[in-house]
Amino acid sequence: MQPLRAWRRAPWLGDLGPTLSLSPEGMRDWAAWAFGSGPLPMRLATDRGRRMVFASAGGRVVHAAGRGIEEATRAALAALGPAPRSGAVKLDLVERVVPASVADGSALERSLYGLAFDGASGLAFLPEELVARTLVDSQGRLRMGNLERYVREDLGGDLPRDLGGRERFRFAVSGAAWDGARARPLYRGHRVVEAPDVRTLVESAALAGTYLARAVGADGRFVYSYRPKTDEAGAGYNIVRHAGSIWSMLELHRVTGDEALLEAATRALACLEGAVRPGKTRAGAEPCIVEDGLTKLGGNALAALALVEHCRATGDATRLPLVRGLGRWILAAQDSSGRFAVHKRSHPRSEIVPFESEYYPGEALLALLRIAALDADPAWLDAAEAGARWLIEVRDAAVPDAALIHDHWLLIALDELHAQRPDPLLARHALRIARVIVRAQRRFSPHRDQVGSFGQPPRSTPTATRMEGLCAALSLARRIGARDDAAQIRAALGRGVAFLLGLQFRPESALHLRERERCLGGFKRSLTHWEIRIDYVQHAISALLGMARLLSEEADDRRPE
């Protein structure tokens, strides 16, 4: 059979060399030159080693070889043909070829190493192709059914019958993308952002908001989970995350003024209101959010946050009675010590379910504080203060730092409560939590896109939630003049937000998916797990907006009087 991807010259991967490595700046300059936006750096212009370059656009991937990176790049772009008018064009330079004796090992992560067979086959697949189409499993084993389907349906060819016995190579690449105006260095197929500015953060948040708006159906329910590799919606639902997603959309609307975002959030809010039922409490019947026969402290708190934000966005006070009712349900869940004793009740029997969430109390505190901003009754603020004191003086008092909850909701609430009632107790505990989070952050990694993250493997939501909390902690630290803490928190925020930006689906990181539009703006679970869930997006939006706000304040502080 003919090679499926025309190899422009006889050499194949085993003949490449000597090694040519590109820095992020080098990748950017290389791509800018390739698309006529700058000169080719002298180091690259004088290169005469045997090179292999991949070019990808609009679902097409080609590769070509040449004597030197300039010749190989020109050959690859010629094979690709006219670039699409929209989307991204991606270039990848083969940097390192792993010997066949090592190539079948599971130690070579599929998101970092491509796969090729012998030159006669013409088959070579980028790391992103291996992941997007699941051509290789997590143990490095070929998924022959997926590989055959990809080659047949997308590449228009057939696999050689003796493929399993052919020589194999694994290879690492350096990549860059061109979006029609700007070249961007890539790592693991996603863009690398070292020091995000306000414009980048707001633009990323707005794109994420577009994803959420697109995910709201006519009935107001979200596509709760989406799997880009298979273009399928996942099963399950969670009304708490539904409410949280509305809240983040409305926070974003306050920044961008996007009316389509507001319309989608309002539709989702109407669906949320459809879950309101009267619930029995020790103080009488109050409205609550019910899902699957249960009402949760966190669900009622996030619903109240969403409703308050909608009132602020629209100036429409018709939902204020419902806000107060949800607030009274929250108050009824609190005992005389300030502790939130009820986290979950059955409905309609209203029996207390023996369950406690680490995060519901912080959500409840924030809801009470936001309700207090719309309703002058001091009971809201008093209850929030009592709840905060119980968490600080009882729940967390004897807990060692190593076991302290990274409670981002509590951090946000403490910042807002301290702004109104500046008790040093609140500030001390907020900074204690912040220091614990900063110490737990991944500051060093052999992979540049893991720096700033939390969790193993590094994941989006554990990082985004902690960045939300650190945004609040930085605001508080600056207010009280805690300069050392502010500096440490600010550095951690820069690292964490840069990590998050690498997890967002952009045109260049969606290039190798069959359905490339539906995932745009979404945040995936991790660098190697591509599921998008609405709460991943919700928390990323809040973190990005928080950082953008802080950067804007920094810029204001630097302006002369």
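The values are calculated or read from the model by the stated rules, or taken from the named source; none is laboratory data. Note that the structure is predicted; figures quoted are calculated from it, not measured. Heads up, the Cβs are rebuilt from the backbone with ideal geometry, glycines too, and the neighbour counts pull from every protein chain shown.
Quick notes
- Highlighted here are the strands (runs of 3 or more DSSP E) found entirely within region 279-384 that include at least 2 residues which are more than 30 Å from residue 262 (Cβ to Cβ): 284-291, 344-346.
- Any hit, region 242-257, residues being within 25 Å of residue 293 (Cα to Cα) and of a type in the set (A, V, I, L, M): yes
- Qualifying positions in region 240-265 - in a helix (DSSP H, G or I) and surrounded by fewer than 19 Cβ atoms within 10 Å (Cβ to Cβ): 254, 255, 256, 259, 260, 263
- Consider region 283-329 and keep the residues that are among the polar types (S, T, N, Q) and in contact (Cβ under 8 Å) with a residue 24 or more places away in the chain. The one that is surrounded by the fewest Cβ atoms within 10 Å (Cβ to Cβ) is 314.
- The set of residues in region 521-558 that are over 10 Å from the mean Cα position of the chain (by Cα), of a type in the set (S, T, N, Q) and part of a helix (DSSP H, G or I) comprises 542, 552.
- The criterion of at least 1 residues that are within 22 Å of residue 182 (Cα to Cα), of a type outside the set (Ser, Thr, Tyr) and modelled with pLDDT of 90 or more is met, among helices (runs of 4 or more DSSP H) falling completely within region 56-132, by 69-80, 127-132.
- Test: residue in region 532-554 that is under 16 Å from residue 131 (Cβ atoms) and not basic (Lys, Arg): yes
- Unique residue being more than 24 Å from residue 282 (Cα to Cα) and modelled with pLDDT of 95 or more when the list is 372, 332, 413: 413
- Residue within region 418-439 that is within 30 Å of residue 146 (Cβ to Cβ) and either touching a Ser or Thr at 6+ places or on another chain (Cβ under 9 Å) or not in a loop (DSSP other than H, G, I, E, B) (or both) present: no
- Identity of the residue in region 165-211, of a type in the set (Phe, Trp, Tyr) and under 20 Å from residue 124 (Cα atoms), that ends up nearest to the chain's Cα centre (by Cα): 187
- Test for residue 375: is it surrounded by fewer than 18 Cβ atoms within 10 Å (Cβ to Cβ) and closer than 29 Å to residue 264 by Cβ: yes
- Residue that is surrounded by the fewest Cβ atoms within 10 Å (Cβ to Cβ) [pool: residues in region 458-484 that are part of a helix (DSSP H, G or I) and of a type in the set (Gly, Ala, Ser)]: 475
Every residue, every condition in (1) of a type in the set (S, T, N, Q); (2) within 27 Å of residue 93 (Cβ to Cβ); (3) touching a strand residue (DSSP E or B) at 6+ places or on another chain (Cβ under 6 Å), yes or no:
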residue	(1), (2), (3)
140	no, yes, no
145	no, no, no
150	no, yes, no
154	no, yes, no
157	no, yes, no
162	no, no, no
165	no, no, no
171	no, yes, yes
176	no, yes, yes
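- Check on residue 156, assigned to a loop (DSSP other than H, G, I, E, B) and at positive phi: yes
- In the condition set (1) in contact (Cβ under 8 Å) with a residue 60 or more places away in the chain; (2) in a helix (DSSP H, G or I); (3) touching a Leu at 6+ places or on another chain (Cβ under 6 Å), residue 489 is compliant with all but (1).
- Considering only residues in region 485-511 that are among the charged types (D, E, K, R) and out of contact with any helix residue (DSSP H, G or I) (no Cβ under 7 Å at 6 or more places or on another chain), the one that is nearest to residue 468 (Cα to Cα) turns out to be 495.
- Residue 430 passes every criterion in (1) touching a strand residue (DSSP E or B) at 6+ places or on another chain (Cβ under 8 Å); (2) among the small types (Gly, Ala, Ser); (3) under 21 Å from residue 475 (Cβ atoms) apart from (1).
- From the options 176, 218, 233, 206, residue that is in the same structural domain as residue 306 (by TED's automatic domain parsing), at pLDDT 95 or above and surrounded by 15 or more Cβ atoms within 10 Å (Cβ to Cβ): 206
- Restricting attention to region 39-60 and to residues that are in contact with a strand residue (DSSP E or B) (Cβ under 8 Å, 6 or more places away or on another chain) and surrounded by fewer than 17 Cβ atoms within 10 Å (Cβ to Cβ), the residue that is farthest from residue 512 (Cα to Cα) turns out to be 48.
- Tally of residues being farther than 12 Å from residue 131 by Cβ, in a loop (DSSP other than H, G, I, E, B) and more than 10 Å from the chain's Cα centre (by Cα) across region 498-509: 3
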